[in-house]
Amino acid sequence: MSDVINLRRERKRRKGVEDAKVADANRRLYGRTKGQKLTENMEKQRLKSLLDGRKLSSGPSGNDSEKP
């Protein structure tokens, strides 16, 4: 004969196991460490500044905010 178990506890345990599986799947799909996010942002900023530094000026004044 099997042991007597508390159904409420067993239900909570199973839900916890299922939630852990879902959380693990989400971490694999969407999770990045803080260092990875920081590195990616720094790379984006570097590329943006590199691109901005190579823009040609639009006129003799060199002010890009004015439209001709």
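Every number in this text was worked out from the coordinates using simple rules, so none of it is lab data. These numbers come from a predicted model, not from an experiment. Cβ: placed from backbone, ideal geometry, glycine included. Neighbour counts: every protein chain shown.
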**Study point:** Point-charge dipole on Cβ atoms (K/R +1, D/E -1) for region 7-47, about Cα centre, debye to 20
**Key:** 340
Revision key, fill the gap. By the mean-Cβ-within-10 Å protection proxy, highest first, 29-35, 42-48 rank as 42-48, 29-35
